[in-house]
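I have placed the structure first, in the form of structure tokens, so that the comments after it can refer back to it.
The values are calculated or read from the model by the stated rules, or taken from the named source; none is laboratory data. Model, not experiment: these values are computed from the prediction. Heads up, the Cβs are rebuilt from the backbone with ideal geometry, glycines too, and the neighbour counts pull from every protein chain shown. Calculation scope for accessible area: heavy atoms of the full protein, side chains included, ligands and nucleic acids excluded. Shrake-Rupley method; radii C 1.70, N 1.55, O 1.52, S 1.80 Å.
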Amino acid sequence: MATTNGDANTATSAQHSRLNSPVEPSANGPPFLTTRRFSTFAKETILPSFRRTIKGAVLPPGTKGYEESLLVYNGAIQPRPVVVVRPYDSEDVAQVVRICRRFGLTMSVKSGGATGYGISGQVVVDLAKTMNSVWVVTEGGDKPVVRFDGGCRVADIDEATCRRGFITPLATYQGVGAGSVLGGGLGYVGRKWGLSVDNLVEAEVVTADGKVLVANEKQNQDLFWALRGAGSNFGVVTSVVSRLHKQRTCYSGVVIYPMESVYAAKLILGRWSEAIGYGAREEMSTSAKLGCDVNGSPLVMLSFCYSGPEDDAKQLIHPFMSSLPYVPVMNSLRTRDYIQQQRNTTQYIPAAGYRYGIRGEHLTQLTPEVISFLAEAILHLPQDATRSVIDVVLLGGAITKVDEDATAWVHRKAAYEVTMIGTWEEEEQDVENKKWLDETLARLKQFSFGPPPNSQDVPAAEMATVAEKVYGSNLNRLRALKKKYDPTNFFRFNLNIEPEGGAVPDEEATEAILGAQVAEVFSPSSIEARPAQ
Ligand SMILES: Cc1cc2nc3c(=O)[nH]c(=O)nc-3n(C[C@H](O)[C@H](O)[C@H](O)COP(=O)(O)OP(=O)(O)OC[C@H]3O[C@@H](n4cnc5c(N)ncnc54)[C@H](O)[C@@H]3O)c2cc1C
């Protein structure tokens, strides 16, 4: 029998050859089917199986909602999966996993859509539209917590918790989703309250065998450990419980200086890192963005967020600002509601839909040499790429108080996270902009010691090497757990961890495809049959 992949695979393959797609097309679509037979198989067997057993929406190409579910931050990625499923609940998610495993289909999970990984499977599970509820529990339990669904965006969670005067630490950009929580979650209260993963109390997860598990410090502890930094490798997280901290306001805002030269950047960032560095009070979170204004003129934008009294913040920031021979073109520092700080930050980030590439690295020191070449990179951006930015975020504080092996997120001793976000408009500019990203990354790597799990768009060929750096000394334990929870590497559209000993073939799928009664397998009596859409 022929062993070519099906229609959907072929279409996806063409799209995935585009720049920025983090993953190569899957080589293991349904086995033993020719292209024509796969189309028939999808229409007559796969889709009816979903429709009969899923309570949420089943959206093949051409249906309302299919295209909408495939929109992600990076406008260059436009795959054509066989079907998008918007699950109603975790049992629906488990059923999708079982069907995909049975038919040998690849599956990916989308939440906020900040990456291309979430829409790279033959079946896309879009959690964002249907599993996005938030519950804030501040009374009755031991400590205040927030429970949120796996399809929530940072904005959904922030709005619900801040309204009640509480915070759970999340990413600064409110457009990202639960994927950011599972990969770390670094934001403007990180030095005070830790990363998102440091505040996780519990997660509900659908694992590769189609079971719904609860993971916390008492149940499935090994899974709970792995979820905190490598989460997307171990299942579909359908809900999360996170600790809340009482905080309504912060002293925050941006101070913007023109970046006339490399010298100016060196002076500003050099003094910034001396005055407000790794050892600074943990109430202070801060970052420096090197980028351009709307006219394309280079600038340095310093962001500050102090989770404490205004006077204390001023004592830190004002002497630093007075030491500079420059006058800021903008200073928005003041006490404000934390929710406003989060909303403001999101406004400074280019809207979704441009072509973009993102790579990050960790540093122990911000030396003049590093500042120089980062500034040079901004001064020599490709033409029309003035939305591109290099973001230098101070770590330390609460982040560093957690041991490297206490969670899967390993780089606890890093002092800075540097993220390069290349943003451009036209396909013809892909090569030039990718070159800019690659060259800047190559120089940065001479000084850095590993990237964060978030902030990555990794070409498949580099995945194993990058994973080694991302997970560092925790990689071996993660590979052993991957073998335990996902031996076939079913959850592969992410910053991928290869199971210890290599991924094993999915025997179950092969048998099912060959079996004559395959379409009849999926009608569990517990799930009400539904008419075809
Ligand atoms: C503009 C921009 C700003 C950013 N700012 C920050 C920041 O301030 N701080 C920070 O920490 N990171 C930041 N990031 C990085 C971001 O956190 C990661 O890209 C993260 O993976 C995005 O998650 P998502 O749900 O939005 O994306 P998606 O593309 O939907 O998902 C990303 C990955 O997580 C998996 N995933 C998503 N949801 C689930 C789930 N419920 N269960 C299992 N797996 C899941 C997906 O399969 C995929 O592998 C930023 C990214 C961008 C593009």
*Arg281 accessible area, 1.4 Å probe, all protein chains in place, Å² to nearest 10*: 100 Å²
*Consider just the alpha-carbon atoms of the stretch 212-368 and return their Rg together with their Dmax, both in angstrom.*
19.3, 59
*What number in nm² do you get for the stretch 163-213 if you take the convex hull of its Cα atoms and divide its surface by four?*
4.6 nm²
_Whole-Å semi-axes of the ellipsoid equivalent to the chain (Cα gyration tensor, √5λ, descending)_ = 41, 26, 20
_Helical mean residue ellipticity (222 nm; -39500 (n - 2.57) per DSSP H run of 4+; nearest 500) of the chain_ = -9000 deg cm²/dmol
*Helix 338-347: angle to the longest alpha-carbon principal axis of the chain, degrees 0 to 90, nearest 10?*
80 degrees
*Each residue of the stretch 180-189 in order: what ³J(HN,Hα) in whole Hz does its phi give by Karplus 6.51 cos²θ - 1.76 cosθ + 1.60, θ = phi - 60°, with x for Gly and Pro?*
5, 5, 6, x, x, x, 9, x, 7, 10
*Computed accessible area, Ser111, all protein chains, 1.4 angstrom probe, square angstrom*: 20 Å²
*In the stretch 309-400, how does Rg compare with the Kirkwood Rh, expressed as the Rg/Rh ratio over alpha carbon atoms?*
0.97
*Return P(r) of the stretch 367-412 (all Cα-Cα pairs; 5 Å bins starting at 0; whole %; ordered from short to long distances).*
5, 17, 17, 13, 13, 14, 13, 7, 2
_I need the semi-axes of the equivalent ellipsoid of the stretch 249-455: take the C-alpha gyration tensor, multiply each eigenvalue by 5, square-root it, list largest first in whole angstrom._
26, 21, 17
*To the nearest 10 degrees, how steep is helix 262-275 against the longest Cα principal axis of the chain, on a 0 to 90 scale?*
90 degrees
*Between the DSSP loop rule and a limit of at most 10 other Cβ atoms within 10 Å, which trypsin sites (Lys or Arg not before Pro) in the stretch 92-193 are left?*
none
_On Cα atoms only, tilt of 221-230 relative to the major axis of the chain in degrees_ = 60 degrees
*Can you give the direction-averaged projected area of the convex hull of the alpha-carbon atoms in the stretch 225-308, in nm²?*
9.1 nm²
*Carbon plus sulfur fraction of accessible area for the chain, probe 1.4 Å, in percent*: 50 percent
*asked:* Can you give me the convex hull volume of the Cα atoms of the stretch 381-487, divided per residue and expressed in Å³?
replied: 129 Å³
*Whose amide H sits under 5 Å from the amide H of Asn489, counting only residues 5 or more places off or on another chain, with H placed in the peptide plane?*
Val504
*13 Å beta-carbon shell around Phe304, net charge (K/R +1, D/E -1)*: +4
*Specify the inter-centroid distance of the stretch 43-84 and the stretch 227-302, based on alpha-carbon positions, in whole Å.*
36 Å
